[in-house]
Amino acid sequence: MNKYIKFVIAAIMIAAGIYLMMNRNIGWGIVVVVLSAIPIFLFFKNEFILMSFWFLRKQNIEKAQSWLTKITNYESQLHKSQYGYFHYLQGLTLAQENPAKVEPLMKKALEFGLNMKHDRAMATLNIAAGAMQKGRRQEATKLLEEAKRLDTAGMMTDQIKMMKDQLKMPSMQKHMHNPNMRQRGRSF
C-alpha cells in the first residue's frame, strides 16, 4: 500500500468523526477521530517493519523475512526514516543463510540512517565481520572500535571481544603448510 493512502484514510476517518459529532453522536465521533491516529502512526512506522521486528524478537526469522518481502518498493511504501531499517532488517534476516549479502545491506542501512545506537552498533559489527571475512584486518579493527563505542548498553561486548580475538589469530591462508609437498633442496 502506498504510504500516502494512509493519510487519505485518516482524513476520511476525521471527516466521518466530525459528521458523527454534528449528528449528535459525540461519543462515537470522538472515538473515530482518535482512531484516525492509527493510519498517521503507520505512515511513519510501517506495519510490515513493525511485524518483522516483532518476529525477529521472537527468533522467528522465516516469518520476519516473509513480512519484509511484502514491501515490494520501499521508496513508495516507506517513509524516508524507515529506509535504513528496511535494509537493516533485510541484512539481519539474511545473516545466517547468506552472510556475503549482509555487508552491503548494512552499509546501505547506515547510509540511510538508523535512529538507535545499538542498531548502528549491530550494523557496524556486521560490516566488521564482512571485512574480517574478506581479509581486511585494519578496516575490521577500526569498525570494531566504532561498534564498541556505539554499544553503550554493553549488549554486544561478547561478540566484539570474540571478533577481536579472531583478529589476533594469524591468517591460516598465509601460514598453511601442505604436508604433501616435497621439501625443496632435499634430494634422494
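Taken together, the values in this text are just the output of simple stated rules run on the coordinates, not laboratory data. Everything numeric here is computed off the predicted structure, so don't read it as measured data. Neighbour counts are summed over all protein chains in view; Cβ atoms, including those assigned to glycine, are modelled from backbone coordinates with ideal geometry.
Here Rg and Dmax of the Cα atoms in Å was calculated from the structure, and among (1) 16.7, 56; (2) 24.9, 108; (3) 20.6, 65 it sits at label (2).
Here the contact order of the chain, divided by its residue count and restricted to Cα pairs under 8 Å and six or more residues apart, works out to 12 percent.
For n ≥ 4 DSSP H runs only, could you compute -39500 (n - 2.57) per run for the chain, divide by its residues and tell me the 222 nm figure to the nearest 500?
Calculated mean residue ellipticity at 222 nm is -20500 deg cm²/dmol.
Charged neighbours of R149, selected by a Cβ distance under 15 Å, balance to +2 (K, R count +1; D, E count -1). For the chain, a crude dipole built from +1 on the beta carbon of Lys and Arg and -1 on the beta carbon of Asp and Glu, taken about the Cα centre, is about 760 debye to the nearest 20. Net charge within 14 Å of G113 by Cβ-Cβ distance, Lys/Arg positive one each and Asp/Glu negative one each, not counting G113 itself? Residues near G113 contribute +3 overall. For the residue pairs K58/K168; K58/K107; K108/K134; K6/K63, the C-alpha atoms sit more than 27 angstrom apart in K58/K168. Overall shape: prolate for segment 1-86, with the ratio a/c of the largest to smallest alpha carbon gyration tensor axis at 1.5 or above and a/b above b/c. Here the calculated FRET efficiency for N73 and W28, from their Cβ-Cβ distance with R0 = 30 Å, stands at 0.25, rounded to the nearest 0.05. Can you tell which of M106, M169, M51 shows the greatest fluctuation in a Gaussian network model of the chain with Cα springs below 10 Å? Among M106, M169, M51, the largest mean-square fluctuation in the Gaussian network model of the chain belongs to M169. Net charge near F44: determine it from the other residues with C-beta under 13 Å of the C-beta of F44, scoring Lys and Arg +1 and Asp and Glu -1. Its environment carries a net charge of +3.
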